[in-house]
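**Q** Structure provided below as structure tokens; questions to follow.
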Amino acid sequence: MFKKAIPKGAQLIFIHYTPYSDGAYLEYNLGIRIDEVEYMIHKFLPSMHGYSDNSVTLVQTLDKIGKELPKRFFVENDGSLARVLMSVEKFFVSNGFAWLDQMSDPLNLEKAFAGRKERKFKTQNFIYNAFRGTALSKLYKPEDYPILRETYLGLVKQNSATPFNIASYLKFLNYLDEDFTHDSSF
């Protein structure tokens, strides 16, 4: 993993290498972490102790950013590895680094979540997607919060597997509606 600090969190690049007898899969994911969002939502989500320090607000695969590359590559030998590395380097120069910089702005990240409110990001389960989208809206685009709040609430009730998820989300909404104070220290 490569990590670059930004004013509100971090930019991340994850490299996954999975060897097999006839080659290996190589996969890259790009991520953005907004500290305030992650610390806020993990007060209400059932997560392991300390997970909020390592959670990522949005993780995206290469195929969802640049469209010209696959989600992952199969590498058979040194020649195919060299071709993959050249294409990935070209991707980062043409699209990848720009995407990281664009999504580092919480307003752009909020817009991405709002645009996908009815479909989760493939790298996240639905309840995490709803929590993050709601938090981003409340923090960075409060004029859209009332509408997104109701949309996400309906989707959580419709798509959540457990009553615990619904209760956690309702408790989170109560916090945002009544007790919330924006912490500018992040």
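**Q** Quick check: at a probe of 1.4 Å, how many percent of the accessible area of the chain sits on carbon and sulfur atoms? The partial results should precede the final answer.
**A** Values: 5480 of 10190 Å².
Of all accessible area on the chain, carbon and sulfur atoms account for 54 percent.
**Q** Explain nothing, just compute: Karplus ³J(HN,Hα) = 6.51 cos²θ - 1.76 cosθ + 1.60, θ = phi - 60°, for every residue of segment 31-42 in order, whole Hz, x for Gly and Pro.
**A** Per-residue couplings from phi come out as x, 10, 10, 10, 3, 4, 5, 5, 5, 5, 5, 6 Hz.
**Q** What is the set of long-range amide H partners of Gly9 at a cut-off below 5 Å, with H atoms built 1.01 Å from backbone N?
**A** Distant-sequence amide H within range of Gly9: Asp35.
**Q** Taking the Cα centre of the chain as the origin, how large is its charge dipole in debye, to the nearest 20, when only Lys and Arg (+1) and Asp and Glu (-1) carry charge on their Cβ atoms? Display every interim value, and only then the final one.
**A** Working: 23 positive and 22 negative charges, 75 e Å.
Charge dipole of the chain: 360 debye, to the nearest 20.
**Q** Quick one: what Rg and Dmax do you get for the chain from the alpha carbons, in Å?
**A** Considering the chain through its Cα atoms, Rg and Dmax are 18.1, 59 Å.
**Q** Taking all protein chains together and a probe of 1.4 Å, list Met103, Met86 from the most accessible to the least accessible. All intermediate terms of the calculation are to be shown ahead of the outcome.
**A** On the way: Met103 15, Met86 140 Å².
If we order Met103, Met86 from most to least accessible, we get Met86, Met103.
**Q** What share of all Cα pairs of segment 1-43, in percent, falls into each consecutive 5 Å distance bin?
**A** Calculated P(r), rounded to whole percents: 6, 19, 19, 16, 14, 11, 7, 6, 2.
**Q** With every protein chain left in place, what is the accessible area of Ile6 in Å² (1.4 Å probe, nearest 10)?
**A** Here the accessible area works out near 30 Å².
**Q** Here's something else I'd like to know. With all protein chains present and a 1.4 Å probe, how do Glu89, Glu36 order by accessible area, largest first?
**A** On the way: Glu89 125, Glu36 10 Å².
Listed by decreasing accessible area, they come as Glu89, Glu36.
**Q** Between helix 145-159 and the chain, what is the angle of the helix's C-alpha long axis to the longest principal axis, kept within 0 to 90° and rounded to the nearest 10?
**A** Helix 145-159 and the main axis of the chain meet at about 70 degrees.
**Q** Now for a separate question. What is the angle, in °, between the Cα long axis of helix 126-140 and the longest principal axis of the Cα atoms in the chain? Nearest 10 is fine, range 0 to 90.
**A** Compared with the principal axis, the helix lies near 70 degrees.
**Q** For the chain, report the accessible area per residue in Å² (1.4 Å probe, heavy atoms, rounded to an integer). The partial results should precede the final answer.
**A** On the way: 10190 Å² over 186 residues.
With the other protein chains kept in place, the chain gives 55 Å² per residue.
**Q** What range in the chain is the longest one free of trypsin sites (Lys or Arg not before Pro) that are in a loop by DSSP and have at most 14 other Cβ atoms within 10 angstrom? Present the calculation step by step, with values, prior to reporting the outcome.
**A** Working: sites that count: Lys43, Lys67, Lys71, Arg116, Arg119, Lys122.
My reading of the result: 123-186 is the longest stretch.
**Q** Follow-up. Using a Förster distance of 45 angstrom, determine the FRET efficiency expected from the C-beta separation of Ala82 and Asp177, and round it to 0.05. Please list the in-between numbers first.
**A** Values: r = 55 Å, r/R0 = 1.22.
FRET efficiency, Ala82 to Asp177: 0.25.
**Q** May I ask you to evaluate 6.51 cos²θ - 1.76 cosθ + 1.60, the Karplus curve with θ = phi - 60°, for each residue of segment 51-60 and list the ³J(HN,Hα) values in order in whole Hz, giving x for glycine and proline?
**A** Whole-Hz 3J(HN,Hα) from phi for segment 51-60: 5, 4, 6, 10, 6, 10, 5, 9, 10, 9.
**Q** Among Tyr28, Tyr175, Tyr145, determine the one that fluctuates most according to a GNM of the chain built with springs between C-alpha atoms less than 10 Å apart.
**A** Tyr175
**Q** Calculate how steeply helix 106-115 sits against the longest principal axis of the alpha-carbon atoms of the chain, using the helix alpha-carbon long axis, and give the answer as 0 to 90 degrees to the nearest 10.
**A** Tilt of helix 106-115: around 90 degrees.
The values are calculated or read from the model by the stated rules, or taken from the named source; none is laboratory data. This structure is a prediction, so every number in the text was calculated from the model and none was measured. Don't worry about glycine lacking a Cβ; one is built from the backbone with ideal geometry, like all the others, and counts go over all protein chains shown. Only protein heavy atoms, including side chains, enter the accessible area calculation; ligands, DNA and RNA are left aside. Shrake-Rupley method; radii C 1.70, N 1.55, O 1.52, S 1.80 Å.
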